[in-house]
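This report concerns only the one structure given below.
What follows is calculated from the coordinates using simple rules that are stated; it is not laboratory data. Everything quoted here is computed from the prediction, not taken from an experiment. Glycine also receives a Cβ, built like all others from the backbone with ideal geometry; neighbour counts cover every protein chain displayed.
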Amino acid sequence: MNLKDIVRPNIWNLKPYSSARSEFKGEASVWLDANENPLNDPYNRYPDPLQMQVKSAIARQKGVAEENIFLGVGSDECIDLVYRTFCRPGVDNVVAISPSYGMYEVCADVNDVEYRKVALYSDFSLDADALIAAIDQNTRAIWICSPNNPTGNAFDSRLLADICRRAENCIVVIDEAYIDFSAQPTMLNRLNELPNLIVLQTFSKAWGSAAVRLGMAFASREIIEIFNKVKYPYNVNKLTQDYALKLLERHSQVRDWVAMLLQQRASLIARLQHIAVVKHIYATDANFVLVRVSDACDIYQYLCRRGIIVRNRHRVQLCEQCLRITVGTQDENDSLIQALEEYGK
Ligand SMILES: *Cc1c(COP(=O)(O)O)cnc(C)c1O
């Protein structure tokens with residue numbers, strides 16, 4: 001893959017905004033370069049545009065070099081950046097598995113990029129040949145979410161690596177938002193062998209910080225450098241950077257959360273098996289379970305009336321009569337099970 005051939009020409013030639021904070025780096029005692037207010041320390045100063053301290057902590061934990069990390073305002077920013085960097089509006093297209101995460105298609109529409117859906121098999125496994133067959137000269141990216149939302153299953157990492165090699169002239173994005181809950185290994189350690197791979201992870205799920213809006217993209221140094229040119233100069237604010245640094249120091253806490261949620265997941269699945277309206281429970285590698293029920297819309301409405309909100313996926317391709325249920329605390333899961341037991345009584 002020649003990166004120049006798949007980056008939009010205007011982006012390839014872009015001269016990025018040069019902020020005061022990126023022009024002078026180093027130690028000083030008097031900062032009169034950025035028209036900041038000298039009062040209200042520490043929030044008066046613009047934050048580090050490249051978030052080097054946070055990246056350094058992430059690099060240590062994940063065994064990835066800092067130059068291979070991009071931080072965005074949630075994965076959502078990283079998803080949008082893929083379009084803004086690689087896809088010429090009205091000309092290029094992307095290919096994605098279906099069903100999958102809704103933001104890929106919304107961002108395609110916003111950027112006027114054709115979105116080509118390739119259906120999974122009915123057991124939610126992946127048809128790699130169909131995915132590759134959907135590619136043409138103007139395909140710039142392939143979206144694969146693993147573990148996939150809303151189906152819950154992860155794809156074999158060797159199959160994903162194989163797709164990267166077969167689709168060598170486009171970007172392959174593997175969205176690993178739920179990877180901490182999965183038995184499948186992350187693709188992060190394959191970045192060096194797969195130059196067209198972008199891996200997305202987030203602080204929103206296992207890291208318990210959806211409110212904070214912090215997402216990560218991992219890719220080659222060349223791709224990360226282009227993302228850094230295109231992003232807003234100060235996309236990740238100081239409150240978020242400080243918070244992330246503290247949480248990264250407490251990563252044993254995150255491990256404990258994940259262990260607790262995996263235990264709750266197993267117990268929730270075991271109890272759902274005894275509920276009369278539950279027709280099928282799909283295997284899951286995530287912190288949610290996709291469940292086929294007798295009447296998804298009616299059960300969804302019933303649960304809402306009881307103050308319990310799940311996600312009705314009935315109208316999603318291959319998910320007829322399915323509810324997507326997030327694994328909660330013991331108490332929350334108890335309430336759900338009790339309500340389902342009392343449905344129709
Ligand atoms: C929840 C989720 C995310 C997280 O997005 P953020 O913008 O980081 O909160 C990303 N991808 C998928 C598939 C998700 O389900």
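Numbers at a glance
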{"quantity": "Computed [θ] at 222 nm, helices only, for the chain once each DSSP H run of length n ≥ 4 contributes -39500 (n - 2.57)", "calculated": "-10500 deg cm²/dmol"}
{"quantity": "The chain: DSSP helices with Cα axial extent of at least 30 Å and average Kyte-Doolittle hydropathy no lower than 0.0", "calculated": "251-272"}
{"quantity": "Ranking of 262, 39, 194 by count of other Cβ atoms within 10 Å, fewest first", "calculated": "39, 262, 194"}
{"quantity": "Most fluctuating residue given options 152, 63, 208, as computed from a GNM of the chain linking Cα atoms under 10 Å", "calculated": "63"}
{"quantity": "Cα gyration tensor category, rounded, prolate or oblate, for segment 19-118 with a/c compared to 1.5", "calculated": "prolate"}
{"quantity": "Where GluC sites (Glu not before Pro) fall in DSSP loop in segment 1-75, at most 16 other Cβ within 10 Å", "calculated": "27, 36"}
{"quantity": "Estimated FRET transfer efficiency when R0 is 22 angstrom, pair residue 273-residue 211 (beta carbons, to 0.05)", "calculated": "0.05"}
{"quantity": "Förster radius 30 Å - calculated FRET efficiency between residue 117 and residue 5, Cβ distance, rounded to 0.05", "calculated": "0.75"}
{"quantity": "Sorted by Cβ density within 10 Å, fewest first, the residues 200, 81, 191", "calculated": "191, 81, 200"}
{"quantity": "Additional length obtainable on full extension of the chain from residue 320 to residue 136, 0.36 nm per residue less Cα span", "calculated": "63.2 nm"}
{"quantity": "Compactness relative to 2.2 N^0.38 Å, alpha carbon Rg of the chain", "calculated": "1.08"}
{"quantity": "117, 345, 4, 231 arranged by Cβ crowding within 10 Å, fewest neighbours leading", "calculated": "345, 4, 117, 231"}
{"quantity": "Net length gained if the chain between residue 23 and residue 251 were fully extended (0.36 nm per residue, minus Cα distance)", "calculated": "78.7 nm"}
{"quantity": "Orphan Cys of the chain, criterion: no other Cys C-beta under 4.7 Å", "calculated": "78, 87, 107, 145, 164, 170, 297, 304"}
